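Here the structure is laid out as structure tokens; the discussion comes afterwards.
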Amino acid sequence: MKDFSARTAVLVSSISIPLLWLAMPGGGEFWPLLVVACVPFLLGVSSGSMKRAALCGLLMGTGHFLLQLYWIVFVLGQYGGLPLFVSVPALALLSLYMGGYLLVFGLLVRRFIHSFSPFLCLWIIPCAWVGLDWLRSFLFSGFPWMDLGYGFANIPLLFQSADILGHYGLTFLILQINTFFALLFLNTNGKKAVTQLAVIVSLVLLVILSYSSWRWQQVEVALKRAENINVAVVQGNVDQGQKWNPARQERTVNDYVAQSRKLMQSKPQPELLVWPETSLPFYPVNHPLLFPVLSLLHEEKVMLLTGAPWFERTNQQSDEIRFYNSSLLFNEKGVIVARTSKSHLVPFGEYVPLKRFLPFIAPLVQSVGNFSRGEVKDPPACKKARIGVLICFESIFGEISRKWVDAGANLLVNMTNDAWYGKSSAPHQTLAMTRLRAVETRRSIVRSANTGFSGFIDPLGRVEQVSPLFVSWEATRQVPIMEERTFYVQGGYLFAPLCFMLTFLYGIVTIINQRQINTKKKLE
């Protein structure tokens, strides 16, 4: 095994930072780099001390996420009103936290390389990365932003296997190829071991590519036979700083109504209108600004799915009121026939975690919302469609989409507001992650944003129509309705937690082995 000096190991590991940025959506988007981007990192952590492996992992992880999440400074400064001396450290702390997972990964790689055969490392190292990604998806509320599997998002033919193991399966594949190249460099067991590894990786690639090609053709045939619903999407492009201004609310509603009336001239006429998250910037019950909306629905005989804030009392005897970030489905008569609420809230944006136990935080986050969580159940029904509603960044959580489909949804709608991100990489990243939701569940996704990207994604993950950023936009499209429940929905989602369990078990094995070695040395 080839060794590096401490300085060289850190420098080599750091090469993975720009390579990953150049490969991922929102960065260079040159996806072929994914198959080698992690090789320098794997080499850097594979030799030397555990302390060195931890340092390389933390530095690489922190640097990687600083590039992926730089837009947080814009969000906190432009819309949160925080000065740079607060927003920049906030970004640094979040990136440091995210980098902590790669610190653990670095330690595991160091252990695995020194404890197991190359054959076992070829499987357990990708397991470790996927398992830690899964842990990050729910620990401390969860933030599974831009896992490596999303790197294939702009090449739909390459990610059709996501309907088996989700985007985690793609991440596993990427890490397995990178691990193979790293093991080639580190291997001291001769040509036979190299040949065995090459055969394994080639077979895995052949199976996945063959499956993706076969599924592509199969789903295309199914799409031609599927029933359709004609859906219209409106992007209002309301300035974020003016959205909740009472003086601007009437104009906002009138603009949405006017854009929607344009779409009503389409043939065939839309059966469902979709407006973005909180496109009604007021509590709608008996609000006078709702009248133009009701007139639109009544006159055009169309249903409307729109975002709006909502509140309700916990019970008639209580004064406690709960607030929700909701979607409302109006029928043609203007009656609200279904409501869903956001089930995964933004920490320190829509609620304060552990507020009861951390009262000293309250003065620092007075502008934070106090929303309650909704539930994933009973998809709202419109004509042939049963709609799973993903509000805002819920589209980055594969588990939420899976639950909607498992509950009976045959169409997914993502209503959001990407104005927060400005003209950064974040809108490109959220679109990439949303595309994987379509393939994992084999559902069409209608995306309606206050500003881009709005549009339509088919069950093959193809973006069929998409808006520009920061413009008013509207479009209508025949959207296919599919009923298939993929392997991922039925059980493939357990792949990532299984990877975590295997990583944990093999990690314990390495610790036991190391203790036995240390004991043996003492006895000698």
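Quick check on segment 73-88: of everything there that is small (Gly, Ala, Ser) and closer than 17 Å to Asp418 by Cα, which residue is surrounded by the most Cβ atoms within 10 Å (Cβ to Cβ)?
So the residue we want is Gly80.
List the number of the failed condition for Gly61; all other conditions in (1) in contact with a His (Cβ under 9 Å, 6 or more places away or on another chain); (2) more than 30 Å from Val238 (Cα to Cα); (3) modelled with pLDDT of 95 or more hold.
Tallying (1) in contact with a His (Cβ under 9 Å, 6 or more places away or on another chain); (2) more than 30 Å from Val238 (Cα to Cα); (3) modelled with pLDDT of 95 or more, Gly61 fails exactly one: (1).
Let me confirm something: among Gly142, Gly151, Gly131, Gly169, which residue is out of contact with any His (no Cβ under 6 Å at 6 or more places or on another chain) and at positive phi?
Going through Gly142, Gly151, Gly131, Gly169 in turn, the sole match is Gly142.
When you scan segment 68-158 for helices (runs of 4 or more DSSP H) that lie fully inside it, which ones turn up with 2 or more residues that are at pLDDT 95 or above and under 20 Å from the mean Cα position of the chain (by Cα)?
Per the criteria, 84-115, 118-136.
Could you grab the pairs with beta carbons closer than 6 Å, sequence gap of 6+ or different chains, first residue in segment 123-138 and under 17 Å from Ile396 (Cβ atoms), second one of a type in the set (Val, Ile, Thr)?
Val130/Thr171
Run down Thr434, Thr441 and say which single residue is under 25 Å from Ala23 (Cβ atoms), among the hydroxyl-bearing types (Ser, Thr, Tyr) and at pLDDT 95 or above.
Of Thr434, Thr441, the one residue that is under 25 Å from Ala23 (Cβ atoms), among the hydroxyl-bearing types (Ser, Thr, Tyr) and at pLDDT 95 or above is Thr434.
Mind checking which pairs have a first residue in segment 257-272 that is outside any helix (DSSP H, G or I) and a second that is among the polar types (S, T, N, Q), Cβ under 6 Å, 6 or more apart or different chains?
Listed by first residue and then by second, the contacts come to Ser266/Thr476; Pro268/Asn230; Pro270/Asn230; Pro270/Thr476; Glu271/Asn230.
Conditions: (1) outside the structural domain of Lys342 (by TED's automatic domain parsing); (2) of a type in the set (D, E, K, R); (3) crowded, with 21+ Cβ neighbours inside 10 Å. Arg515 meets all but one. Number of the miss?
Among (1) outside the structural domain of Lys342 (by TED's automatic domain parsing); (2) of a type in the set (D, E, K, R); (3) crowded, with 21+ Cβ neighbours inside 10 Å, Arg515 violates only (3).
Every residue in segment 277-336 that is over 18 Å from Val257 (Cα atoms) and either basic (Lys, Arg) or not assigned by TED's automatic domain parsing to the domain that holds Asp255 (or both), please.
Arg313, Arg322
In contact with an Asp or Glu (Cβ under 6 Å, 6 or more places away or on another chain) and closer than 27 Å to Met24 by Cα - does that describe any residue in segment 368-381?
Within segment 368-381 (the criterion being in contact with an Asp or Glu (Cβ under 6 Å, 6 or more places away or on another chain) and closer than 27 Å to Met24 by Cα), the answer is no, since none of the residues qualifies.
Let me confirm something: among Val463, Val509, which residue is touching a helix residue (DSSP H, G or I) at 6+ places or on another chain (Cβ under 8 Å), aliphatic (A, V, I, L, M) and modelled with pLDDT under 95?
Every option except Val509 fails the conditions.
Quick one: in segment 236-254, of everything that is touching a residue at least 40 places away in the same chain (Cβ under 8 Å) and of a type in the set (A, V, I, L, M, F, W, C), which residue is surrounded by the fewest Cβ atoms within 10 Å (Cβ to Cβ)?
Residue satisfying both the conditions and the ranking: Val253.
The values are calculated or read from the model by the stated rules, or taken from the named source; none is laboratory data. None of these values were measured; they are calculated from a predicted model. Please note: Cβ atoms are built from the backbone with ideal geometry, for glycine as well, and neighbour counts cover all protein chains shown.
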